[in-house]
Amino acid sequence: MKLAKFPKEFLWGGATAANQYEGGWNEGGKGVSVADVMTAGSHTEPRKMTWKNPKTGETGYIVKKMLQEADPLPPGAEPAVTDGWYYPSHQATDFYHRYKEDIALMAEMGFRAFRLSINWSRIFPNGDDAEPNEEGLCFYEEVFRECRKYGIEPLVTLSHYETPLQLGIKYNGFADRRVIDFFVKYAETVMTRYKGLVKYYLTFNEINLMGHDGYQAGALLREDEQKRAQGAHNQFVASAKTVKRAHEISDEIMVGQMLAYRPPYAYCCDPWDQIKRMDEMHDMLWFGDVQTGGHYPAYKLREYERKGIVLEDCPEDYELIAQYPADFLGFSCYGSFAVSTHTDLKPGLRGVDNPYLEKNAWDWTTDPCALRIALNELYDRYHKPLWIVENGIGWADELMEDGKVHDDYRIEYLKKNLRSVRDAIEIDGIDVMGYTMWGCIDLVSAGTGEMKKRYGFVYVDMDDEGKGTLKRYRKDSFYWYQHLIETQGEEL
Ligand code: BGP
């Protein structure tokens, strides 16, 4: 018997996020989101968050390192858009005005799924508004209708680093319990409005970011470990309530968790390196244990006890979390990382350098086995359908004079990664719903705010300062992916 490689219903496609792709930041009644006050940076220069003191009119900035707790704002200062800075989310790569052209390009490649986020601040500009913004609702309705026209399933992230900034200023974001209900109201509003148009939702993009960076993950303007723990807890409760409401609204809707996962490797067979690896897994996966598994794991509760972290006393939260876990698990995977207890090793971007792997200009690794390992680890642990909702490679692509982009490195990367997915399905029998390559049409980098770190099958003419015609060009990988989808990955 010939076993299926990629199942017939496999959801091939691409992924984006509003704050990096959509633009139109102050159009159509949209409010300001946490991303809109972030300037551009680079591989070596961190992004900045600009602020204003509304009483004195004074302005300034704080350095905002990715994956790190934000520096405190000066007393009286609030994050704000101020003069003289370039903010990449404001125009991004202009999906807001070009969605028809872009979705047509996706359809030409044969996409069956398109992951995008709804910009929460386009629907509830301040987060706590009594009524949603109709113009924002109409915009996404048109986008989803356009997808449906081509038989493309939208996969919608409800929160991808786009919490309305006012929720940060007024409530300290998800550190405050009241924000749970604002989120659930938003989720209910869109799930009801788009019933029949959207089946797949993800709640919080890379929810485990809350472990390190509360601002980006959930608008925490004042953060420490205690507040981030409460912020994560409140997001788990918000997710459980969203799952509950989704199933009441329609049997068709599935709500997934979205986790950042790269398998950690022990650098060598020293048993203490294995313990270190286990600790790294716990650090990433406790978020999955709660949101997809339904329970706080013992190791996390012990850690909270040791550190004196105490969550607000609401026993009903734990029932909700257990009763309404995520329906599926979506995850991002950009290679792996190695860890060691040995201090004489060369450091890597995270952990220590892995000499077996190639790296791009931003030191992100290409690992031909990472996805198969990740899929196995996650499936063994959660027994839920999985969806690779982000994977891909950032590269400073070059647009040739004839309008072509020869990105053979991207094709090679994707071949290696998709063979790994194929093996996980064919050899290991894992239930994989789909694969949406990150940044399918060039967009702004989340980590650095740069444009030159490109991921797409489609090149967008725009530079690091937002200048360019925004014209779209098909890269070589565009035709490669089109063929791959057409042949259902049989030739990989
Ligand atoms: C993930 C984020 C995305 C995306 C991607 C690539 O962590 O969910 O938003 O940007 O990483 O990262 P970068 O843009 O920094 O290259």
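Work out how far the C-alpha atoms of segment 56-105 reach from end to end along every principal axis, then list the three figures in whole Å, largest first.
48, 28, 15
What does the highest-first list of 152-164, 288-300, 168-180 look like by mean Cβ count within 10 Å?
Values: 152-164: 25.5, 288-300: 19.0, 168-180: 21.6.
Highest mean packing first, the order is 152-164, 168-180, 288-300.
With θ set to phi - 60° and the Karplus curve 6.51 cos²θ - 1.76 cosθ + 1.60, what are the ³J(HN,Hα) couplings of segment 351-367 in order, to the nearest whole Hz, using x for Gly and Pro?
x, 10, 5, 9, x, 7, 10, 7, 10, 8, 5, 9, 6, 8, 8, 10, 10
Taking H as built 1.01 Å from N, whose amide H comes closer than 5 Å to the amide H of Met437, not counting residues under 5 places away?
Gly13, Gly14, Ala15
What would the Debye equation give as log₁₀ I(q)/I(0) for the chain at q = 0.06, 0.08, 0.09, 0.12 Å⁻¹, counting only Cα atoms as equal point scatterers?
Those come out to -0.25, -0.45, -0.58, -1.11, one per q.
Calculate the translational D of segment 394-459 in whole µm² s⁻¹ from Stokes-Einstein, where the hydrodynamic radius comes from the Kirkwood formula applied to all Cα pairs, the temperature is 25 °C and the viscosity 0.890 mPa s.
In µm²/s, the coefficient rounds to 181.
Test of understanding: what is the full-extension gain from Asp428 to His247, defined as 0.36 nm times their sequence separation minus their Cα-Cα distance?
Between Asp428 and His247, full extension yields 62.1 nm more.
Let's test the formula: R0 of 51 Å, r as the Cβ-Cβ distance of Trp85 and Ala298. What FRET efficiency results, to the nearest 0.05?
It comes out at approximately 0.65.
Pull out the extension gain between Lys100 and Glu319, defined as 0.36 nm times the separation in residues minus the alpha carbon to alpha carbon distance; nm, one decimal.
Here the segment from Lys100 to Glu319 would lengthen by 74.5 nm.
What does the helix-only formula give at 222 nm for the chain: each DSSP H stretch with n ≥ 4 adding -39500 (n - 2.57), the total divided by the residues, and the result rounded to the nearest 500 deg cm²/dmol?
-11500 deg cm²/dmol
Rounded to a whole number, what % of the accessible area of the chain do carbon and sulfur atoms account for, probe 1.4 Å?
Carbon and sulfur atoms account for 51 percent of the accessible area of the chain.
So what's the gap between the Cα centers of segment 55-113 and segment 304-372, to the nearest angstrom?
Distance between centres, Cα-based: 25 Å.
Using only the Cα atoms, what convex hull volume per residue in Å³ does segment 334-492 have? Display every interim value, and only then the final one.
Values: hull volume 21.7 nm³, N = 159.
Here the figure is 136 Å³ per residue.
Beta carbons within 10 angstrom, averaged per residue: use that to sort the peptides 132-145, 110-123, highest first.
Output ranking for 132-145, 110-123: 110-123, 132-145.
Report the Stokes-Einstein translational diffusion coefficient (µm² s⁻¹, integer) for segment 243-301, Rh taken as the Kirkwood radius over Cα pairs, at 20 °C with viscosity 1.002 mPa s.
Details: Rh = 13.7 Å.
Estimated via Stokes-Einstein, D reaches 157 µm²/s.
Checking the a/c ratio against 1.5 first, then a/b against b/c, what shape does the Cα gyration tensor give for segment 336-425?
Oblate.
Quick check: net charge around Pro74, other residues with Cβ under 15 Å of its Cβ, Lys/Arg +1 and Asp/Glu -1? The partial results should precede the final answer.
Numbers: positive: Lys48, Lys52, Lys55, Lys64, Arg222; negative: Glu58, Asp71, Glu78.
With Lys, Arg at +1 and Asp, Glu at -1, the neighbours total +2.
Would you be so kind as to identify which of Ala219, Ala232, Ile249 lies farthest towards the positive end of the dipole of segment 194-252, taking Lys and Arg as +1 and Asp and Glu as -1 on Cβ and the Cα centre as origin?
Ile249
How charged is the neighbourhood of Gly434? Take every other residue with its Cβ under 15 Å from the Cβ of Gly434, and add Lys/Arg as +1 and Asp/Glu as -1.
Cβ neighbours under 15 Å give a net charge of +2.
For q values of 0.17 Å⁻¹, compute log₁₀ I(q)/I(0) with the Debye formula on a Cα-only model of segment 204-348, without solvent.
Rounded to two decimals, the profile gives -1.02.
Please say if segment 25-74 is rounded, prolate or oblate, where rounded means a/c under 1.5 for a ≥ b ≥ c the square roots of the C-alpha gyration tensor eigenvalues, and otherwise the choice is prolate for a/b larger than b/c and oblate otherwise?
Judged from the Cα gyration tensor, segment 25-74 comes out oblate (a/c at least 1.5, b/c at or above a/b).
Please give the solvent-accessible surface of Arg302 in Å², to the nearest 10, using a probe radius of 1.4 Å with every protein chain present.
Arg302 exposes around 150 Å² with every protein chain in place.
7 Å from Cα along Cα→Cβ at both Arg350 and Glu305: what's the point-to-point distance in nm?
Using points 7 Å along Cα→Cβ, the separation is 2.8 nm.
When every alpha-carbon pair in segment 166-232 is counted, what percent end up more than 14 Å apart?
59
Would segment 307-366 count as rounded, prolate or oblate if I go by the C-alpha gyration tensor, calling it rounded below 1.5 in a/c and otherwise prolate when a/b exceeds b/c, oblate otherwise? Each step should come with its number before you reach the end.
Working: a/c = 4.30, a/b = 1.97, b/c = 2.18.
It comes out oblate by the Cα gyration axes.
The values are calculated or read from the model by the stated rules, or taken from the named source; none is laboratory data. This one's a predicted model, so the numbers in the text were calculated from it and none came from an experiment. Positions of Cβ are backbone-derived with ideal geometry, glycine not excepted, and every protein chain shown enters the neighbour counts. These area figures cover heavy atoms from the full protein model, side chains too; ligands, DNA and RNA do not enter into them. Shrake-Rupley method; radii C 1.70, N 1.55, O 1.52, S 1.80 Å.
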